Amino acid sequence: MECIFITQKQFQKLCKRMVNKVTALSVKNLSSAYQKKVVLDSLTFSIEEGTLTGVVGPNGAGKSTMIKAILGLQPRMTGSIEFFNGKEKKLTNRLGYVPQRGAVDWDFPTNVLDVVTMGLYGQIGWFHYPGKKHRKLAIEALEKVNMAEYANRQISQLSGGQQQRVFLARALVQDADLYFMDEPFAGVDAKTEKTIISVLKELKSKGKTVLVVHHDLQTVPAYFDHVLLLNKQLIAYGPTEETFTKTSLKKTYGGEIHWMGSDQIAESL
Amino acid sequence: MSYTAWILLTGSLVGISCGLVGVLLILRKMAMMADAISHTVLLGIVSAYLISSSLDGGSMLIGAMLAGLLTAWLVQWFESTGIHSDAAIGVVFTTLFAIGVILISTSVGNVHLDVNHALMGEISFIPWNTVHLPVIGQIPQATLLLMIITIIVIAVIALFYKEWKVTTFDPALAASLGIPVLLMHYVFMTLVSVTTVAAFDAVGAIMVVAMLITPAAAANLWTDKLLTMLIISAVIGAASSCAGYGIAIWLNTSISGSMAFATGILFVFSYLFSPRHGQLAKWFHKPGEI
Amino acid sequence: MIRLLSLFESSNFQWVFISTILLGMAAGMVGVMSNLRQQGLMSDAISHAALPGVILAFLLTGEKQLPVLIIGAGISGLIAAFFIYGIEQSTRIKRDAAMGIILSVFFGGGIMLLSIANRSGGGQSGLDSFIFGQAASMVRSDTYVMGGLALLVMLLIFVFFKQWKVVLFDPQHANMMGINAHLFSSLYTFLLVLVIVIVIQAVGVILMAALLIIPALSARYWTHSLLILFLLSGFFGGFAGAAGTLISSSESNLPTGPFIVVTSSGIFILSLFFGAEKGLFHLKRYINKTALQSDGTSGGDEK
């Protein structure tokens, strides 16, 4: 029989998780505005640890804004955020963020391995430089996203899907507890899509909490166990089978939603 | 006309022509191209002088026009190789300006081609240098040049008003409509260069930048309509010239410097008090209370 | 050649020579950061905007001591940078227009003050050198001040190299990892202003932008590594500084700044065409090569 050694601290954490479910993220009355337009209107919800949540809503519903506002990357007008039941404070390294690909300059003078290693900089600390150990961790993360062979490639020479996988590896190596991903599936090839799904599954199995902004309604039930429907206001949040219904989707998208033959998906739920 | 009147007229003409051209510059996000061209025009003037060995208005204008076009073309070409526009502009204008300064310091030397003068301008000399015109009588050369340029600017903008509008707003749409976008770009760059040269004598290269950009940016805070913006920008330009002259007399200091500074004062005023996009208006209409 | 050697025997030339090399290196390295942030022209705006600070420092203290003037230039440059970001953030006006406004209005104010300073007499003539630069007039004590500050700039870049890399590549990600991107952004602005105010006296307000933009741009054609980019850009900057000083000293009355810039541009043109990683000729070869490869293997990176 295989033995697993865990420290006392980890044991306590595990027990705590089994006894009462920890809230990974709790958002109260979050509002945000861009110039004079209200983009997010008093959102309140809390997300349990270990869930895989798809954030769904029409264009301009404020999905990316919500993530940025939660992470403090965008000023918010009202509202408070709590991570892991603690009062709001800098929880660096427990939060991972995978931005949209367009968020960075892919012509930046650096290579794939370097970008992934940057995910470790928070742990390395001031005045220290990444060493062999860190490079090994980065390579391992690259292997998980099937990008190890591109380790030394300049990042401008990657395809869109490969860029996305590099971002994913950077988030993995960071070993955070709560991940936010902004449209990782947008415009990627089938191979990348598969890799992302397997990474999401792995994160979930490790007890991590993941929020993913997602566009493709048809794949929502297959990918996510929870869903958050957003259109400036929070329409619904809950387990996918209860929340991802035709009525709530109609409420999210207005009357203009075209089902394109996926009626049965909503009904089969 | 009195000495002061000529200066005010000349200053206002600079304000109007630059104000009009500036609106298109701002909206085309090419404000720093104006900065670049205002510097490289020096190379054009030096080259024109070396070739024609005279400093008359005609050869200066042609030299400046060519230098302006060369700048625009080089920047465009560098951008097409993947260089960011900021860096492209930076490389081109500093290099051409440096060549201009080297030419002056080596060959033109002691001739009256003062870099200082070209950059700072000296509007107070303008009324002395006059030409005689049939009907009007004695008129300062620089003022005459500015009048012609202002008329050309108004004409070019008015004649192709809708084309400017569409190429500025959406170049891709303009191209699909069959409007020669690239040609319009170079026509516009020519317009910027000749306006710069004409304003040169009066306010100098760096003050031209103030006149081109600041009134237009201020006007951008007052209105959302292109035509209104053009008019407001021209008015602010002319008003800053007159106000600048007043300040210069009051403090007994550089006229061109004061004119540039006056555009800044009017900009600050617009920044604070514009009913549409001013800070005070924003203060009273906080988001969320709509 | 003999003339060049005799130049080095003049002790003042030595100081000028060392200064321009150190200044070129520091400017080249800071230029890497401003180019990567796509803010190359900020240096142009800040250098113009430093003028009123220089003159005001002179008017207030009545002295032409370099450290005093540098402090004046620095304060006015920082205010200008702050205004540019402020205008960009609080209005619909884009950054390039904001730079144009601040650059020209501050410079106009500087000219107003300059003409007042010139009128109120005293040692006025030296102040004009801030506009066009006067490297040849630098003396030993200037070298100590400028060289020391240039070394400080380079030191700050290398000590925080790791942080700079993340902050420049993805500031949001830096924030997530506990690297305060805002702090480093402010430090960058500080370094930018610092390097500008120490270089102004050598090359002047107008050509300032060239010393930051051109070496960094040229170096980008030779490498894909950020560390080498910093080193190479510093080398190009230092080389241009040295070459420009030598050429301009070969005859009397030649300006130093323009020759530094033209040398720099020469390096840029060479790099643009022959650069080993991104040069135009190299790219042509690369495209041909990859075209051949994909013909052979019938499929690019994605299989």
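Is it the case, given these coordinates, that C:Leu78 is within 23 Å of the chain's Cα centre (by Cα) and under 21 Å from C:Ile213 (Cα atoms)?
On the way: within 23 Å of the chain's Cα centre (by Cα): yes; under 21 Å from C:Ile213 (Cα atoms): yes.
So C:Leu78 passes the test.
Of the set (1) within 13 Å of chain C (Cβ to nearest Cβ); (2) touching a residue at least 40 places away in the same chain (Cβ under 8 Å), all apply to A:His128 but (2).
Does C:Val153 satisfy the condition of being surrounded by 24 or more Cβ atoms within 10 Å (Cβ to Cβ), of a type in the set (Val, Ile, Thr), in a helix (DSSP H, G or I) and out of contact with any Asp or Glu (no Cβ under 8 Å at 6 or more places or on another chain)? Quick ask: steps written out before the conclusion?
Values: surrounded by 24 or more Cβ atoms within 10 Å (Cβ to Cβ): no; of a type in the set (Val, Ile, Thr): yes; in a helix (DSSP H, G or I): yes; out of contact with any Asp or Glu (no Cβ under 8 Å at 6 or more places or on another chain): yes.
No: the conditions fail for C:Val153.
Evaluate the following for C:Gly86: is it modelled with pLDDT of 90 or more, within 13 Å of chain B (Cβ to nearest Cβ) and either surrounded by fewer than 21 Cβ atoms within 10 Å (Cβ to Cβ) or on the phi > 0 side of the Ramachandran plot (or both)? So C:Gly86 fits the description; yes.
Restricting the search to the range A:140-158, which residues are without any contact (Cβ under 8 Å) to a residue 40 or more places away in the chain, closer than 10 Å to A:Val112 by Cβ and in contact with a helix residue (DSSP H, G or I) (Cβ under 8 Å, 6 or more places away or on another chain)? Passing the criteria: A:Leu142, A:Met147, A:Ala148, A:Tyr150.
Being over 14 Å from the mean Cα position of the chain (by Cα) and of a type outside the set (Lys, Arg) narrows it down to one of B:Ile104, B:Ile26, so name that one.
Working: B:Ile26 fails: over 14 Å from the mean Cα position of the chain (by Cα).
Checking each option against the conditions leaves just B:Ile104.
Among the listed residues C:Ala210, C:Ala216, C:Ala240, C:Ala202, which satisfies the condition of being touching a Gly at 6+ places or on another chain (Cβ under 6 Å), surrounded by 24 or more Cβ atoms within 10 Å (Cβ to Cβ) and farther than 19 Å from C:Gly147 by Cα?
Values: C:Ala210 fails: touching a Gly at 6+ places or on another chain (Cβ under 6 Å); C:Ala240 fails: farther than 19 Å from C:Gly147 by Cα; C:Ala202 fails: farther than 19 Å from C:Gly147 by Cα.
That would be C:Ala216, the only listed residue that is touching a Gly at 6+ places or on another chain (Cβ under 6 Å), surrounded by 24 or more Cβ atoms within 10 Å (Cβ to Cβ) and farther than 19 Å from C:Gly147 by Cα.
When you check B:Gly237 against the structure, is it surrounded by 24 or more Cβ atoms within 10 Å (Cβ to Cβ), under 18 Å from B:Gly22 (Cα atoms), touching a residue at least 40 places away in the same chain (Cβ under 8 Å) and within 20 Å of the chain's Cα centre (by Cα), yes or no? When the stated conditions are applied, B:Gly237 passes them.
Can you tell me which residue among A:Gly187, A:Gly207 is among the small types (Gly, Ala, Ser), closer than 26 Å to A:Ala61 by Cβ and in the same structural domain as A:Ile70 (by TED's automatic domain parsing)? Walk me through how you get there before you give the answer.
Details: A:Gly207 fails: closer than 26 Å to A:Ala61 by Cβ.
Checking each option against the conditions leaves just A:Gly187.
Beta carbons closer than 7 Å, at least 6 apart along the sequence or on distinct chains, pair a first residue in the range C:87-107 that is free of Cβ contacts under 8 Å to residues at least 40 places away in the same chain and more than 10 Å from B:Ala31 (Cβ to Cβ) with a second that is assigned to a helix (DSSP H, G or I) and small (Gly, Ala, Ser) for C:Ile87/C:Ala98; C:Glu88/C:Ala98; C:Val105/B:Ala210; C:Val105/B:Ala260; C:Val105/B:Gly264.
For the range C:185-199, name all the residues that are without any contact (Cβ under 8 Å) to a residue 40 or more places away in the chain and either of a type in the set (Ser, Thr, Tyr) or buried (at least 20 other Cβ atoms within 10 Å of the Cβ) (or both).
Of the residues in the range C:185-199, the ones without any contact (Cβ under 8 Å) to a residue 40 or more places away in the chain are C:185-187.
Selection gives C:Ser185, C:Ser186.
Any residue at all in the range C:95-102 that is out of contact with any helix residue (DSSP H, G or I) (no Cβ under 6 Å at 6 or more places or on another chain), assigned to a helix (DSSP H, G or I) and surrounded by fewer than 23 Cβ atoms within 10 Å (Cβ to Cβ)?
Within the range C:95-102, the subset out of contact with any helix residue (DSSP H, G or I) (no Cβ under 6 Å at 6 or more places or on another chain) is none.
Checked against the condition, which is being out of contact with any helix residue (DSSP H, G or I) (no Cβ under 6 Å at 6 or more places or on another chain), assigned to a helix (DSSP H, G or I) and surrounded by fewer than 23 Cβ atoms within 10 Å (Cβ to Cβ), the range C:95-102 yields no hits at all.
Taking the range A:161-191 as the range and being under 13 Å from the mean Cα position of the chain (by Cα), surrounded by fewer than 24 Cβ atoms within 10 Å (Cβ to Cβ) and either among the charged types (D, E, K, R) or assigned to a helix (DSSP H, G or I) (or both) as the test, the residues that pass are A:Asp175, A:Asp177, A:Asp182, A:Glu183.
For the range B:77-106, what are the residues that are more than 16 Å from C:Ser248 (Cβ to Cβ), among the aliphatic types (A, V, I, L, M) and within 8 Å of another protein chain (Cβ to nearest Cβ)? Across the range B:77-106, the qualifying residues are B:Ile83, B:Ala87, B:Ile89, B:Val91.
Is there a residue in the range C:278-294 that is of a type in the set (A, V, I, L, M, F, W, C), modelled with pLDDT of 85 or more, closer than 25 Å to B:Thr95 by Cβ and assigned to a helix (DSSP H, G or I)?
No: zero hits.
Close contacts from the range A:177-200, counting a first residue that is more than 21 Å from A:Ser64 (Cβ to Cβ) and a second that is polar (S, T, N, Q), with Cβ to Cβ under 6 Å and a gap of 6+ residues or different chains, come to A:Thr195/A:Asn146. A single member of B:Ala218, B:Ala262, B:Ala205 is more than 7 Å from chain C (Cβ to nearest Cβ), crowded, with 24+ Cβ neighbours inside 10 Å, in contact with a helix residue (DSSP H, G or I) (Cβ under 9 Å, 6 or more places away or on another chain) and modelled with pLDDT under 85, and it is B:Ala205.
Residue-wise test of (1) in contact with an Asp or Glu (Cβ under 6 Å, 6 or more places away or on another chain); (2) at pLDDT 85 or above; (3) part of a helix (DSSP H, G or I).
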position: A:Ser198; (1), (2), (3): no, yes, yes
position: A:Lys201; (1), (2), (3): no, yes, yes
position: A:Pro221; (1), (2), (3): no, no, yes
position: A:Leu228; (1), (2), (3): no, yes, no
position: A:Ile235; (1), (2), (3): no, no, no
position: A:Gly238; (1), (2), (3): no, no, no
position: A:Glu242; (1), (2), (3): no, no, yes
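Return a yes/no flag: does the range A:160-179 have any residue that is within 18 Å of A:Val212 (Cα to Cα), more than 9 Å from chain C (Cβ to nearest Cβ) and among the acidic types (Asp, Glu). Yes.
Residue count for the range A:23-54, restricted to those that are in contact (Cβ under 8 Å) with a residue 60 or more places away in the chain, away from every other protein chain (no Cβ under 14 Å), in a strand (DSSP E or B) and surrounded by fewer than 19 Cβ atoms within 10 Å (Cβ to Cβ): 4.
The values are calculated or read from the model by the stated rules, or taken from the named source; none is laboratory data. Since we're looking at a predicted model, the values are computed, not measured. Methodologically, a virtual Cβ is constructed for each residue, glycine included, from the backbone with ideal geometry; neighbour enumeration extends over all protein chains shown.
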